[in-house]
Structure formats: C-alpha cells, structure tokens
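Please read the structure below before turning to the comments.
Values quoted throughout were computed directly from the atomic coordinates according to the rules given, and no laboratory measurement underlies them. Remember, predicted model here, so these are calculated numbers, not experimental data. All Cβ positions, glycine included, derive from the backbone under ideal geometry; neighbour counts span all protein chains shown.
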Amino acid sequence: MSESMAGNLIGVKAKLTAKGGGALKVKARKMTFTLESSREPGVAMNFPLPAAQVKPTPNDLQFEAARNAGWRILNRGLTAEREEAGMTEGAVSVSSFDFGGWANVRVTATLEDGRVVTGVYRGEGVVRLPKRPASSKVADAWRDASGEKGADAEDSDELPLGDGRPGDGLTVFEEYRGFFGSGKHLRTNTERKDLFVRDDVGGKTKAGIDLFARETGLMVHHELTEEELQIFPEPHVVNLNYRDGAHVVDQHGVVIVETDQVKDSALAWSRKYGDVVGTRMTVDLIGISTTPGSGASVGAVPYFDKLVAHELMHTVSVPHHGDRDYKISMHLKRTPSGKYVFRNQGTDNLYRLYNESGVELSQAFGEEMELRFRDAGKGSWFDWAVTTEEGYKMSDLIVGAPGGQHSGQEDCLMRYEFAKAYEQKDRQDAYYFFADQSRGGTLCRRKEGSGVNEETRTPQSRHGAATHGNCSSRVCVNDRYGAKR
C-alpha cells in the first residue's frame with residue numbers, strides 16, 4: 001500500500017562448494033549479498049500519486065533488517081553482509097516494495113585465505129528477481145498465467161476492434177505492474193483495451209458508464225479515487241509512475257464532475273484541447289449538469305444514462321454524426337388583418353414553417369402564443385418565446401441540417417435529439433416543424449440514415465445520412481494515435 005510497506009518476500013540461499021566437487025579445503029569468513037534494484041516511482045502505475053510518494057525514490061526490492069537477523073544491512077537495503085568463521089552457506093530474504101519491481105541478486109564469499117569467489121546460478125553470476133529472462137522486467141509466472149508473450153514495450157490489445165488500431169496506450173510491463181482502483185490493486189488484460197475513469201458524481205452515473213462499456217466493448221475501470229487519478233495538477237494520466245519500466249505514451253484517464261457550469265446551454269459537456277474530438281489527450285474531462293432534466297425525446301434508454309455514455313464516447317474518439325446544425329430566431333408578427341407570419345428577427349425575411357402533413361403553421365402558432373400569454377401554462381410549443389407589441393419573438397429554434405448532429409442512424413447514442421425543424425428540399429427559408437424525437441441507445445455501424453432519416457421517408461428524410469457515423473468503428477482509446485479525423 002506504500003513505498004515504505006513491504007509486500008511479499010523470497011528467500012535466496014548461497015552454498016559454498018569445492019571446485020569440481022568433494023570436500024571443502026577452505027571455508028568462508030564473510031558472505032555478501034547485493035541487489036541491483038529498480039526504483040520505479042510509487043508501487044503501481046497510478047499509486048500513490050506524486051504528492052504522496054517517498055523522496056528520494058526507495059529501492060523496489062530490499063533486504064530488511066527485521067527479516068534478516070544476524071546480517072548487517074547497508075546501502076539503503078541493497079547490501080546484506082555477515083562475517084562468521086567457518087561459513088559454508090548463507091540465506092537471506094528479499095522483500096518487495098513494488099508490484100512491478102525487479103532486481104539482480106549477486107553474492108560473494110570472502111574465503112579464510114583471502115580469496116573472493118562469486119556465486120554462480122545456472123551458469124550466470126546473477127539471480128534475476130522475479131524469475132525472468134535478461135531481456136524483460138516482467139515475471140515469468142505472470143506471463144505463464146496470462147499467456148502474454150510480447151515484449152515489455154508491446155501494446156497490442158486487440159479487443160474491441162474499434163477503429164482497427166491495436167493497443168490501449170499501456171505496455172505489457174505497465175499492465176503487469178498494474179493499477180489501483182478503489183484502493184485495490186489490479187492487473188489488466190493485455191488482450192482487452194482498458195479505460196480508467198474517476199467518477200466524482202457517484203452512483204447515478206453508473207448506468208450510463210455501464211451503457212458506454214457495453215456498447216464499446218472496452219474494459220472500463222470507473223471507481224478510481226482522488227488518490228488514484230489526480231485532477232490538479234493536470235494531466236489526468238493513469239501511468240505516470242514510470243522511470244525505467246517500458247513506457248510508450250502518457251495514457252490519460254477520464255474525470256467526470258458534476259457542475260452548474262454549462263457550455264452553450266448543454267446539459268453535459270466534454271472539454272476539448274484543439275479542434276477535434278480525440279482520445280483523452282484531447283478530451284479528458286466531462287461536466288454533468290446538476291439538474292439535467294429528463295429530455296423531451298422518447299427511447300428505451302433513460303435520458304441521463306445516454307447523456308453520460310454520449311460524453312464518454314467523445315473521450316474515445318467518437319464524434320457527433322456531423323456539425324452542421326444551426327439555430328434560427330423568428331419573430332411571429334401580427335399583420336393588420338390579424339394574421340400571423342414568421343419573420344427573421346435580424347433581416348425580417350419571411351420564414352415558412354409547416355408540419356409534416358404540409359399544413360402551414362404560422363396561424364396555429366400565433367393562436368398558441370396568445371393562449372400561452374393569456375392563460376399562463378396552457379401554451380406548450382415554445383416555452384422560450386417572449387411577447388412584444390408586434391407579436392412574439394421565438395429564439396434559437398434548432399434546425400437539424402442534412403448531415404448534421406441529428407443525421408444518420410436514428411438509434412445511435414451519438415445522434416442529437418434536440419432539433420424541432422428541418423429544411424425543406426429546394427425551398428429557401430422553408431422548414432418542416434415536428435415535436436417528436438427518438439432517443440438512441442446503441443452505436444451505429446453505418447452512415448446511412450434510418451427511421452426518420454431514411455432516404456425514402458415521406459415527406460422527406462429529416463436529416464439524411466451522417467457526415468461521420470459508423471460510430472462503433474471509430475472507437476480509439478490509445479493516446480498514441482490521438483484523434484482520427
């Protein structure tokens with residue numbers, strides 16, 4: 001649990017033998033065991049965080065005085081020596097202070113005639129702890145148990161396929177050394193891509209995180225605490241405790257916070273560094289509204305769960321279906337004859353709104369507004385309208401443009417569900433207005449529109465095929481690659 005608390009230990013024994021066999025002609029008066037130990041920061045890749053680490057960094061494998069009675073322990077636990085007449089063997093215990101530490105053990109014996117001989121183990125002058133080849137810092141026992149054959153610096157996780165590029169930003173060594181989540185150590189699977197999340201919101205986000213994990217196929221570790229993934233100072237890196245162990249890229253985790261701060265009136269937002277949605281190098285902080293509401297759309301997936309899963313998708317390189325949607329602000333004006341017409345608030349150009357049966361809506365909207373402002377609470381279409389002497393101003397009507405945020409497969413998590421209008425084909429400033437929206441709960445596998453976006457729909461496809469889409473084939477968790485445009 002800390003760099004000052006020993007974990008497992010292993011015994012090392014040296015025995016003095018005569019060259020070529022037979023009886024000893026001379027014995028030893030001193031034996032010295034030495035360690036050439038790693039000094040990786042912390043005890044795992046993300047624990048403890050730098051502020052809690054021991055300085056200077058202690059040796060990962062050490063001889064402890066309490067576990068080596070009769071031996072003099074020197075050099076910060078790297079040397080154990082004993083002087084005694086007539087010695088023929090010596091045994092020491094090596095203690096581990098790190099989940100991924102390694103060391104070479106050497107032993108010498110000073111003979112009674114002054115000669116110094118070096119211990120040999122299977123033809124070599126060192127014993128490698130843990131048992132491993134000279135080319136690796138990873139224990140053979142873990143490789144045997146996990147089936148991992150790759151080099152320490154390899155990062156070739158295959159599942160889920162996502163955008164087809166392998167790895168999750170964590171090397172074989174880092175997945176072997178492991179991580180802490182909710183105060184417990186875990187070693188991750190080198191065949192399955194991992195994502196680490198610090199969820200400061202708590203229980204109500206779990207269903208959304210589970211939805212995200214199910215749809216992406218990622219192994220999501222979402223119980224990291226403030227001791228396991230730091231917010232400040234940034235960055236939010238889950239493998240920041242490295243020195244000599246194989247490390248390829250700083251792999252970012254995700255932090256979810258609850259906040260009253262809103263971004264363009266969104267109920268949730270993902271902070272981007274740069275102009276594209278990418279991995280956690282570009283998106284690593286999610287803000288969830290403290291009062292997100294329930295949404296106006298209809299679907300099997302609860303609105304809040306989709307909200308959480310949608311924003312998490314942005315941290316693994318999945319963009320919106322497009323970015324072409326826009327807003328219009330209309331003035332519903334009364335003519336001298338008492339009729340209503342829609343006008344652009346800025347240019348006063350004429351707008352025409354129709355329902356999907358082809359009925360023009362200006363008069364119906366005007367009567368709705370009169371009801372709303374005459375008898376508060378009975379009007380329902382435009383809660384954000386304000387009354388003026390000339391009529392009613394209605395701001396920020398969201399138009400779902402072709403190939404925009406509302407386009408593509410209707411049941412996709414990444415499709416927006418806030419538009420109330422879409423452009424009529426071949427008619428300028430003419431729109432269809434609608435009240436129904438469907439809430440998606442899966443990841444789409446193609447760009448073509450479905451449901452209300454079907455190309456052959458009557459009176460027309462609302463928002464058409466997605467500009468991006470095919471979201472399941474865009475998932476990328478590896479910070480080596482960044483954003484895939």
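Partners of residue 339 within straight-line reach, counting aspartates and glutamates whose Cα lies under 14 Å from its Cα and excluding those fewer than 8 residues away in the same chain: 360, 367, 368, 370, 390. Of the residues 167, 28, 11, the one whose Cα sits farthest towards the positive end of the charge dipole of the chain is 28 (charges of +1 on Lys and Arg Cβ, -1 on Asp and Glu Cβ, taken about the Cα centre).
Computed from Cα positions, the angle between helix 362-374 and the longest principal axis of the chain comes to roughly 80 degrees. Using C-alpha pairs below 8 Å separated by at least 6 residues, the relative contact order for the chain is 13 percent.
Could you tell me whether the chain comes out rounded, prolate or oblate from its Cα gyration tensor? Rule is a ≥ b ≥ c as square roots of the eigenvalues, rounded for a/c under 1.5, then prolate if a/b exceeds b/c, otherwise oblate. Provide the component values of the computation, followed by the final result.
Details: a/c = 4.91, a/b = 3.37, b/c = 1.46.
Prolate, since a/c reaches 1.5 and a/b exceeds b/c.
Along the axis of the charge dipole computed for segment 10-86 (Cβ charges of +1 for Lys and Arg, -1 for Asp and Glu, origin at the Cα centre), the listed residues 51, 41, 68 are led at the positive end by 68. Rounded to the nearest 20, the size of the Cβ-charge dipole of segment 54-105 about its Cα centre is 200 debye, with Lys and Arg at +1 and Asp and Glu at -1.
Suppose only helical runs count, i.e. DSSP H with n ≥ 4. What mean residue ellipticity at 222 nm does that imply for the chain under -39500 (n - 2.57) per run, divided by all residues and rounded to the nearest 500 deg cm²/dmol?
On the way: 5 runs with 49 residues, N = 485.
Roughly -3000 deg cm²/dmol at 222 nm, from the helical runs in the chain.
Residue ranges 405-417, 4-16, 174-186, 220-232 sort as 405-417, 174-186, 220-232, 4-16 when ordered by packing (mean number of other C-beta atoms within 10 Å per residue, highest first).
What does the charge dipole of the chain about its Cα centre add up to, to the nearest 20 debye, if the Cβ of each Lys and Arg holds +1 and the Cβ of each Asp and Glu holds -1?
Working: 63 positive and 69 negative charges, 318 e Å.
Roughly 1520 debye for the chain.
Think of segment 140-256 as a dipole: +1 on every Lys or Arg Cβ, -1 on every Asp or Glu Cβ, centred on the Cα centre; then among 208, 241, 145, 208 lies furthest on the positive end.
Treating only the Cβ of Lys, Arg, Asp and Glu as charged (+1, +1, -1, -1), what charge dipole size does segment 9-130 show about its Cα centre? Round to the nearest 20 debye.
Values: 17 positive and 12 negative charges, 68 e Å.
Taking the Cα centre of segment 9-130 as origin, the dipole is about 320 debye.
Cysteines of the chain lacking any other cysteine Cβ under 4.7 Å from their own Cβ: 471, 476. Residues whose amide H comes within less than 5 Å of that of residue 285, counting only those at least five positions distant or on another chain, are 255, 271 (H built at 1.01 Å from N in the peptide plane). Counting only alpha carbon atoms, the long axis of helix 206-216 and the longest principal axis of the chain meet at about 80°. Relative contact order, whole percent, for segment 326-467 stands at 23, derived from Cα pairs under 8 Å and 6 or more residues apart. Checked against a 19 Å cut-off, the cross-linked pairs 333/393; 149/193; 393/420; 55/137; 30/137 give Cα-Cα distances beyond that limit for 55/137; 30/137.
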